[in-house]
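Peer 1: Provided herewith is a single structure, encoded as structure tokens, for subsequent inquiry.
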Amino acid sequence: AAPRDHAYVRSLGAAEVVDYRAADVAERLVGPAPDGVDVHIDTSGHHDLRTAVGLLARRGRIVLMAGARAEPTLPVGPLYMKDGSLRGFVISHATVAELAGAAAMLNELLAAGGLRPRAVERRAMSEAADTHRRLERGELHGRRVVLQP
């Protein structure tokens, strides 16, 4: 997480928090996970697969969630020797049943207080386009916007 988000991430239950932009991020993750990580999720679109594979535990999994045009180099030998796997995830490919299951899990987490936005804005549905522009400009960091009729 970015440094401005560390306290928030800890408040959600994270045992360790590392600045993902740090030049030595891989080295910082070795301490908290000396045997490697079970799951490495990449939402950046940068796909540093050499680092990701290096961080994997035996039989770990890398999940890619961004970068439709990316063509990174995959260190096949090290991934193979760790018996690791690489998965892509595109939400628009999810089935109705998968989306319903995810929604149910999110609702349970929300009801239990496991997911808490830092701030909620309520806006009229007519402000959807402006709200989307604000999102694209990065102005809604940590905020959730509820569009109401």
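Derivation of every value follows stated rules applied to the coordinates shown; laboratory data play no part. Predicted, not measured: the structure shown is a model, and the values here were computed from it. Positions of Cβ are backbone-derived with ideal geometry, glycine not excepted, and every protein chain shown enters the neighbour counts.
Peer 1: Across every pair of different alpha-carbon atoms, what Kirkwood hydrodynamic radius in Å does the chain reach?
Peer 2: 18.1
Peer 1: Please list, in chain and number order, the residues 5+ apart from TYR20 or on another chain whose amide H is under 5 Å from its amide H, with Hs placed from the backbone.
Peer 2: HN-HN under 5 Å from TYR20: ALA2.
Peer 1: Pairs of alpha-carbon atoms within less than 8 angstrom and 6+ residues apart define the contacts here; what relative contact order does the range 22-66 have, in percent?
Peer 2: 45
Peer 1: Could you work out how much longer the chain between ALA129 and LEU12 gets when fully extended? Use 0.36 nm per residue separation minus the Cα distance between them, nm to one decimal.
Peer 2: Using 0.36 nm per residue and subtracting the Cα-Cα distance, I get 39.1 nm.
Peer 1: Looking at THR95, GLY54, SER126, which one has the Cα that reaches farthest to the positive end of the dipole of the range 1-126 (charges on Cβ: Lys, Arg +1; Asp, Glu -1)?
Peer 2: Checking the options against the dipole of the range 1-126, the answer is SER126.
Peer 1: Further, regarding this structure: Relative contact order for the range 106-148: what percent, with Cα pairs under 8 Å and sequence separation of 6 or more?
Peer 2: Result for the range 106-148 is 50 percent.
Peer 1: Let me ask something else about it. Quick one: which residues, 5 or more positions from LEU86 or on another chain, have an amide H under 5 Å from its amide H? H modelled 1.01 Å from N in the peptide plane, none for Pro or chain starts.
Peer 2: The list, which skips near neighbours in sequence, is ILE62.
Peer 1: Once you have a ≥ b ≥ c as the square roots of the Cα gyration tensor eigenvalues for the range 38-82, tell me rounded if a/c is under 1.5, and otherwise prolate or oblate according to whether a/b is larger than b/c.
Peer 2: oblate
Peer 1: Could you list which residues have their amide H under 5 Å from that of LEU56, counting only those 5 or more apart in sequence or on another chain, with H placed in the peptide plane?
Peer 2: Those qualifying (amide H under 5 Å, at least 5 residues apart or on another chain) are VAL37.
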